[in-house]
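Note sheet for the following structure.
The numbers here are math on the coordinates, done by the rules we state, and not lab data. Model, not experiment: these values are computed from the prediction. Reconstructed Cβ throughout: ideal geometry from the backbone, glycine too, with neighbour counts over all protein chains shown.
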Amino acid sequence: MKIDNAQLAAFAETLREGSFDLAARKLNVTPSAISQRIKLLEERMGQVLIQRSTPCQATAAGRPLLRYAEELALLESEALSALGVLDVDAAGAPSSVRIPMVINADSLDSWFLEVFDDLAASTAITLDLRVEDQDHSLLLLREGAVMAGVSANAKAIQGCRVEALGVMRYLALASPSYVERHFSAGVNAESLNAAPMLMFNKKDALQQAFLAQLTDAVIKPPTHYLPTTRSFGEAVLRGMTWGMIPEQLAEAQLQAGQLIELAAPRCLDVPLFWHRWRITSSALESLSRLVHKAAGKALRQTPAS
């Protein structure tokens with residue numbers, strides 16, 4: 001059985017863009033043409049490949065096909081580049097090798113920024129970044145939606161290799177006025193249960209992991225949720241709450257006395273790992289080198305096992 005290229009392109013672009021309309025715009029065809037091609041592909045495979053939701057998502061049957069489509073697009077782009085044949089986009093500009101990857105927000109807003117510096121002078125690689133909690137990013141790799149990613153999980157998934165990046169240290173921080181208001185009698189189970197706590201989102205387990213280091217008691221404080229790194233830090237800095245912040249993002253405020261640690265020297269060390277598809281790709285190799293370079297400068301060394 002051979003896969004029709006036009007049908008495969010419609011399938012992959014719909015999942016990348018999240019809708020039939022956007023995929024049609026990207027491929028310069030009508031939405032009905034996209035729908036028809038996907039329908040024919042599903043009939044050929046004998047299975048539903050796309051979940052018609054907002055955004056569209058691959059079904060369990062569609063995930064292996066999505067990975068195949070992404071891998072094929074990467075290798076084709078690199079082959080054309082090696083042959084000196086410049087592919088062009090819809091606007092007529094030379095196309096780059098597209099690498100979809102996933103990363104947690106704290107890494108994206110801190111040490112990973114150096115990768116942007118290294119890519120600034122190059123048009124060879126374009127990143128399609130997805131933001132996901134470091135404990136949940138492997139799901140996108142399993143589904144084939146991304147080719148690489150940063151995760152707190154050391155276990156390699158099928159078809160991927162995993163490499164240690166280093167350790168991101170999180171500190172439990174609050175403003176001096178907040179500490180005086182809520183912890184004047186000390187940091188204990190009673191005060192922790194009463195003091196408002198900050199979490200990034202429902203998946204964020206850092207605060208609870210830190211609390212487990214301090215006490216065996218069940219701590220259920222009033223909890224705020226702020227799903228951006230900047231607003232998270234601002235809420236802590238302005239005395240609204242306490243939260244776990246990467247040491248790289250809080251260095252200046254700590255030195256200025258604007259933030260203080262709740263229970264120094266207690267902290268939370270989160271090992272980070274680079275997961276990438278196990279395929280031969282010069283672009284993926286290049287990106288991996290840049291990620292390791294940036295992580296090596298900013299993260300703590302992984303403890304020897």
- prompt: How many angstrom lie between the C-alpha centres of the range 1-71 and the range 237-305?
  reply: 37 Å
- request: Just the ratio, please: alpha-carbon radius of gyration of the range 168-269 over 2.2 N^0.38 Å, N its number of residues.
  value: 0.96
- line: Cross-link reach from K26 to lysines, straight Cα distance under 19 Å and at least 8 residues apart if same chain, gives K39
message: Suppose the chain between R278 and R161 were pulled fully straight at 0.36 nm per residue; how much longer would it get relative to their current alpha carbon spacing?
response: 41.5 nm
- prompt: How big, on average over all directions, is the shadow cast by the Cα convex hull of the range 185-245, in nm²?
  reply: 4.1 nm²
- line: Rounded to two decimals, the Rg over Rh value of the range 100-253 from Cα coordinates and the Kirkwood Rh reads 1.03
query: Modelled label-to-label distance, E71 and R230, 7 Å Cα→beta-carbon offset: nm?
result: 3.9 nm
message: Ignoring everything except DSSP H segments at least 4 long, calculate the 222 nm mean residue ellipticity for the chain; use -39,500 (n - 2.57) per segment, divide by total residues, nearest 500.
response: -12500 deg cm²/dmol
- line: Extend 7 Å from the Cα of C267 along its Cα-to-C-beta direction; within the range 161-185, residues with backbone N under 11 Å of that point are 167-172
field: C-alpha long axis of helix 5-17 to longest principal axis of the chain, angle in °
entry: 20 degrees
message: To test your reading of the geometry: what angle, between 0 and 90 degrees and rounded to tens, separates the Cα axis of helix 282-298 from the longest principal axis of the chain?
response: 10 degrees
message: What do you get for the angle between helix 31-45 and the principal long axis of the chain? Use alpha-carbon atoms, 0 to 90 degrees, nearest ten.
response: 80 degrees
